[in-house]
Amino acid sequence: GDSVTQMEGPVTLSEEAFLTINCTYTATGYPSLFWYVQYPGEGLQLLLKATKADDKGSNKGFEATYRKETTSFHLEKGSVQVSDSAVYFCALSFLTGNQFYFGTGTSLTVIP
Amino acid sequence: DTGVSQNPRHKITKRGQNVTFRCDPISEHNRLYWYRQTLGQGPEFLTYFQNEAQLEKSRLLSDRFSAERPKGSFSTLEIQRTEQGDSAMYLCASSSSGSPNIQYFGAGTRLSVL
């Protein structure tokens with residue numbers, strides 16, 4: 001079936017460090033891929049998305065490239081800030097948008 | 001655009017009681033989704049509506065769960081005869097038919113069953 005596997009956390013980084021959170025997927029068709037972020041006490045917010053192979057999604061310094069050959073959508077940021085501390089979820093959906101399949105989430109803590 | 005609103009934010013109940021949660025989607029969105037999120041896990045799909053029609057239900061949605069969206073606006077999720085295993089965060093999301101796979105999430109209702 002369709003699913004998303006995410007790198008387990010928690011991840012702790014110093015401010016200005018490089019971030020990578022791995023995400024791989026299994027899908028029967030051609031999904032769109034997403035990264036959502038959840039700050040404490042808040043709902044999930046869409047961080048970035050990519051709808052087809054080789055697309056790069058980017059937002060707020062975060063980037064992820066849709067790699068069909070490796071079925072991956074790894075999240076990267078060149079220099080993290082304390083305010084990036086949150087839980088990050090990788091997800092896939094199909095164009096029908098009937099439902100999302102989420103990974104288990106990766107908790108990121110950035111220390112000054 | 002006030003975003004997706006969920007009430008209550010927290011609910012504590014005793015096992016066997018019934019509970020009801022409400023979700024108010026973004027006003028122009030015709031699709032509404034319910035998810036359940038347990039600690040340390042990602043959200044799991046429960047059901048979704050297009051306007052007032054409930055179009056898909058997950059096998060996670062046991063017969064103790066019922067969701068409605070009577071006028072195609074707000075939705076309610078009721079859990080009857082709650083069990084301790086129902087303790088979770090219940091998330092609501094909405095999207096437009098033009099971009100169905102761009103979902104906007106509410107802050108959720110955290111249910112604790114004692």
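Here are a few things to note about the model shown:
- Of the residues contained in region B:84-100, none is found to be assigned to a loop (DSSP other than H, G, I, E, B), within 23 Å of A:GLN38 (Cβ to Cβ) and without any contact (Cβ under 8 Å) to a residue 24 or more places away in the chain.
- Picking from residues in region A:76-87 that are of a type in the set (A, V, I, L, M, F, W, C) and buried (at least 19 other Cβ atoms within 10 Å of the Cβ), the one that is farthest from the other protein chains (Cβ to nearest Cβ) is A:VAL80.
- Single condition B:ARG81 does not satisfy, out of (1) crowded, with 16+ Cβ neighbours inside 10 Å; (2) assigned to a loop (DSSP other than H, G, I, E, B); (3) not aliphatic (A, V, I, L, M): (1)
- Highlighted here are the strands (runs of 3 or more DSSP E) found entirely within region B:7-67 that include at least 3 residues which are over 25 Å from B:GLY98 (Cβ atoms): B:10-13, B:19-24.
Conditions (1) within 26 Å of A:SER3 (Cβ to Cβ); (2) in contact with a Leu (Cβ under 8 Å, 6 or more places away or on another chain), marked per residue:
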site: B:HIS29; (1), (2): no, no
site: B:THR38; (1), (2): yes, no
site: B:GLU56; (1), (2): yes, no
site: B:PHE74; (1), (2): no, no
site: B:THR82; (1), (2): no, yes
site: B:GLY85; (1), (2): yes, no
site: B:GLN103; (1), (2): yes, yes
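- For the criterion of being of a type in the set (D, E, K, R) and farther than 30 Å from A:MET7 by Cβ, B:GLU44 fails.
- First in region B:56-67 and closer than 15 Å to B:VAL19 by Cβ, second anywhere and in a loop (DSSP other than H, G, I, E, B) and at pLDDT below 90, Cβ under 9 Å, 6 or more apart: B:ALA67/B:LEU61
- Tally of residues being surrounded by 20 or more Cβ atoms within 10 Å (Cβ to Cβ), in contact with a Leu (Cβ under 8 Å, 6 or more places away or on another chain) and within 14 Å of chain B (Cβ to nearest Cβ) across region A:88-112: 7
- Each residue in region A:28-56 was checked for being more than 19 Å from B:ILE26 (Cα to Cα), of a type in the set (Gly, Ala, Ser) and within 12 Å of chain B (Cβ to nearest Cβ), and 3 of them qualify.
- For region A:69-88, the criterion of being closer than 19 Å to A:GLY1 by Cα, modelled with pLDDT of 95 or more and part of a strand (DSSP E or B) is satisfied by at least one residue.
- Yes/no for A:PHE73 being within 15 Å of A:GLY57 (Cα to Cα), in contact (Cβ under 8 Å) with a residue 12 or more places away in the chain and buried (at least 24 other Cβ atoms within 10 Å of the Cβ): yes
The values are calculated or read from the model by the stated rules, or taken from the named source; none is laboratory data. Predicted, not measured: the structure shown is a model, and the values here were computed from it. Heads up, the Cβs are rebuilt from the backbone with ideal geometry, glycines too, and the neighbour counts pull from every protein chain shown.
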